[in-house]
Every structure is written in C-alpha cells, then in structure tokens.
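Here's the structure, in structure tokens; my notes come after.
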Amino acid sequence: MPLYISSGFRSYACNNAVGGAAGSRHLYGDGVDLTGSPSFCRMAQQARYHGFTNILGPGYPAHDDHTHLGNSPSQSWSAPSCGI
Ligand SMILES: [Zn+2]
C-alpha cells in the first residue's frame, strides 16, 4: 500500500515557517508526516509495532490531520485518540 508524505526534511527556515517544534525530527531528515490512507490511527499503531521511537498523531496538538513518524534518541509517543 503506498503511503503519502506531506512533509519530510525541513531547513530551519522552513521548520520555523510551518510552526515546527524547535527540536523537530524533520530538521534531522528522519521525520515524516503521513497523510491519506490507511487511517492516521492505523499508521500510528503500525509504526509503534515496527519500532519507530517518535510517533505523534490524532489527539496530540496539531496532529489530527496527519501522523508524524521519526526516530528520536528517546521514545516519544503521543496519539491519545488512537490509544497511544
Ligand atoms: Zn511531523
């Protein structure tokens, strides 16, 4: 199944322009925002199953219209609407 990436690597200028977090994984080139299908919760749940350390999705502020995945040095999961 194809996955759709709405945002990948960002320069600092780009990250600031879109209101990205100061330490966003997008700045390191390992953060992506997924849109489309399957559902955002299914993407977040599958990412957890497959070992992603950085998962932000529905229920986390500003993440109801995509699921963010990355590989941060420490685990940071939050998608409360999905039980994560
Ligand atoms: Zn993101």
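Details
- Residues in region 4-32 that are within 17 Å of Asp64 (Cα to Cα) and surrounded by fewer than 18 Cβ atoms within 10 Å (Cβ to Cβ): Tyr4, Ile5, Ser6, Val18, Gly19, Ala21.
- Matching residues, region 62-82, being open to solvent by 40 Å² or more (accessible area, probe 1.4 Å), under 10 Å from Ala44 (Cβ atoms) and in contact (Cβ under 8 Å) with a residue 40 or more places away in the chain: Ser81
- Of all residues in region 62-84 being part of a strand (DSSP E or B) and near the ligand (Cβ under 10 Å from one of its atoms), the one that is farthest from Arg10 (Cα to Cα): Thr67
- Note on region 1-34: residues that are more than 11 Å from the ligand (Cβ to nearest atom) and either among the polar types (S, T, N, Q) or within 19 Å of Trp77 (Cα to Cα) (or both) amount to 6.
- Scan of region 33-51 for residues that are open to solvent by 70 Å² or more (accessible area, probe 1.4 Å) and among the aromatic types (Phe, Trp, Tyr), ordered by number: Tyr49
- The strands (runs of 3 or more DSSP E) located wholly in region 1-61 that include 3 or more residues which are of a type outside the set (S, T, N, Q) and free of Cβ contacts under 8 Å to residues at least 60 places away in the same chain occupy 32-35.
The values are calculated or read from the model by the stated rules, or taken from the named source; none is laboratory data. This one's a predicted model, so the numbers in the text were calculated from it and none came from an experiment. Cβ coordinates were reconstructed from backbone atoms using ideal geometry, including for glycine residues, and neighbour counts include every protein chain displayed. Ligands, DNA and RNA are excluded from the accessible area calculation, which covers all protein heavy atoms including side chains. Shrake-Rupley method; radii C 1.70, N 1.55, O 1.52, S 1.80 Å.
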